[in-house]
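Written below as structure tokens is the structure these notes are about.
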Ligand SMILES: Nc1nc2c(c(=O)[nH]1)N[C@H]1C(S)=C(S)[C@@H](COP(=O)(O)O)O[C@H]1N2
Ligand SMILES: [Mo]
């Protein structure tokens, strides 16, 4: 297995706080901070789309991070409800501390790891990534976290470990969505071993330099930025090294619409809508969706020879 060194990650993926704040300041100055909120209410498809979009056209502003407010108040976390506002409104009673993650399966150093122990060995990094939801909206989010590969290496995976499976905490008393049959609980996800070890893949522990808010998956959640958002499983309590492709929540719930790989692919439509374009939260216009969410140079080789229309 070839593991890319962090130096292979273009510096564009590693955004110092001062720069993301400056970019945002520019948007506020030209009066688009407020427009962003209006855009949410109006939605896309109005005649203004093109003209407002033009203000964002310069390459430099292209990936300006969304505001802290947007990142933490427009969420998908069905354990707390299905509307975008629900996770923030309903996650106040959730307790992300103390936290323990169970590690099992094909590895030499399985066991129960307390949160502080789990992350202490690794440098906290700053990564600003695009997040593309399968519902065709997107955000740019400055995460802090740790490389998943470094965390997993410490558990000493064995050769039979071909995939890594993840599980979200089961706490119906604190998670109203789990008291209803919205999805089969607990939420489960997985990655192939090379995807899990890829240097772009992180376990996020914070956003905008603050600890991860409950609605964003406190205290620890997965981010694989070339995949649709639903791969980014939140509030993880179990990591299992397994031999076979693990089951994943959205493909259990609706196998004809969601696959295991879930790589962002503008050429493969969702059965009910196009995946060729997206709307950045805070903007009117639609953007063209990029192959692998814009991370093709770094990840496409992992899928060489695979039919990406079949393996969606
Ligand atoms: N446990 C759990 N993890 C989850 C989800 C969920 O409903 N439950 N939603 C997913 C989806 S569909 C998306 S788009 C992202 C959203 O992450 P964000 O709210 O931090 O932007 O979380 C993913 N992780
Ligand atoms: Mo999503």
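Values quoted throughout were computed directly from the atomic coordinates according to the rules given, and no laboratory measurement underlies them. Nothing here was measured: the structure is a model prediction, and the numbers come from that model. Please note: Cβ atoms are built from the backbone with ideal geometry, for glycine as well, and neighbour counts cover all protein chains shown.
Compactness check for segment 144-254: Cα Rg over 2.2 N^0.38 Å is 1.06.
Compared with the direct C-alpha span, the chain from residue 160 to residue 85 gains 22.8 nm at full extension, assuming 0.36 nm per residue. How many percent of Cα pairs in segment 247-294 exceed 18 Å? So the portion of pairs separated by more than 18 Å is 38 percent. Each peptide in 201-214, 249-262 gets a packing score, the mean of other Cβ atoms within 10 Å over its residues, and the list from highest to lowest is 201-214, 249-262.
Obtain the nm distance between the two label points defined at residue 68 and residue 272 by a simple spin-label model: each point lies 7 Å from its Cα along the Cα-to-C-beta direction. It works out to 3.5 nm between the two label points. When each of the peptides 125-133, 292-300 is scored by the mean number of other C-beta atoms lying within 10 Å of its residues, the order from highest to lowest reads 125-133, 292-300. For the pair segment 223-272 / segment 61-75, the C-alpha centres are spaced 23 Å from each other. Multiplying the residue separation of residue 290 and residue 307 by 0.36 nm and subtracting their alpha-carbon distance yields 4.3 nm.
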